Each structure stands twice: as structure tokens, then as C-alpha cells.
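Before any comments, here is the structure.
The values are calculated or read from the model by the stated rules, or taken from the named source; none is laboratory data. Owing to the predicted nature of the structure, the values given are computational and were not obtained by experimental measurement. Methodologically, a virtual Cβ is constructed for each residue, glycine included, from the backbone with ideal geometry; neighbour enumeration extends over all protein chains shown. In case anyone asks, the SASA skips ligands and DNA or RNA and just uses the protein heavy atoms, side chains included. Shrake-Rupley method; radii C 1.70, N 1.55, O 1.52, S 1.80 Å.
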Amino acid sequence: MKAFRLDELEAERAANDGAYLQFLRERNMSVGLYALDAGVQDPQQPHSQDEVYFVVSGRASITVGMETTQVARGSVVYVPAGVAHKFHHISEDLRVLVVFSPPES
């Protein structure tokens, strides 16, 4: 079994001065913590893997392809491989669990 605590993951991510911390990588998926502070720009480009976002905290909008929705704690968003997507209008520091399948390369 592998078990993780969000507060410890957030501390590790912050200590490494990065917006993204991959903390689990298996044969069929990888999982990471993505952090965007209020007011920043999301630099993401489309990925070659399907992904699922689970918003742990914060508030923002996300655009996936041509569709836009508001997200907050508890929101879950699926993004198909190859589709352009960005968080924007980040009004509260955003912390998101990201699941990639297959694993992010």
C-alpha cells in the first residue's frame, strides 16, 4: 500500500519551488499535486494522456476545448488527451490532484 497526506505533499511541492509534484507513478497511471496561486497564469499545454483533475482547494475557471466551467473544492474535471485546457480567473489559491492515464511522460 502507498498512502499520502496532502499537507506533506504540499510541503514537498513548495520546498521544490515547482507548481507540480508527481508523487505516484505506476504502470497505468501517475498522480500529482498541481498548485496555482490566485492571479497567476496557467502555463499548461495539451498532454498526450487522458487526465482527471480533483480540486482540493481554491476557486477558478477552467476551459477545456471550447467549454468553460467554474471549479472549487470537490470539483472533478476530465480532460481528454490532446485537448487544450487551462485554469484561469484563479480567485483563490488552487490545489488540484491530477491523475494521468497512461502515466505522464
Scanning region 52-95 for residues that are among the hydroxyl-bearing types (Ser, Thr, Tyr) and farther than 20 Å from residue 20 by Cβ gives 68, 69, 91
Any hit, region 20-43, residues being open to solvent by 60 Å² or more (accessible area, probe 1.4 Å), acidic (Asp, Glu), assigned to a loop (DSSP other than H, G, I, E, B) and modelled with pLDDT of 95 or more: yes
Can you tell which of 60, 3 is of a type outside the set (Asp, Glu), open to solvent by 70 Å² or more (accessible area, probe 1.4 Å), over 22 Å from residue 102 (Cβ atoms) and without any contact (Cβ under 8 Å) to a residue 60 or more places away in the chain? 3
Can you tell me which residues in region 81-95 are outside any strand (DSSP E or B) and either touching a residue at least 40 places away in the same chain (Cβ under 8 Å) or open to solvent by less than 50 Å² (accessible area, probe 1.4 Å) (or both)? 81, 83
Yes/no for residue 9 being closer than 12 Å to residue 100 by Cα, in contact with a strand residue (DSSP E or B) (Cβ under 9 Å, 6 or more places away or on another chain), at pLDDT 95 or above and open to solvent by less than 50 Å² (accessible area, probe 1.4 Å): no
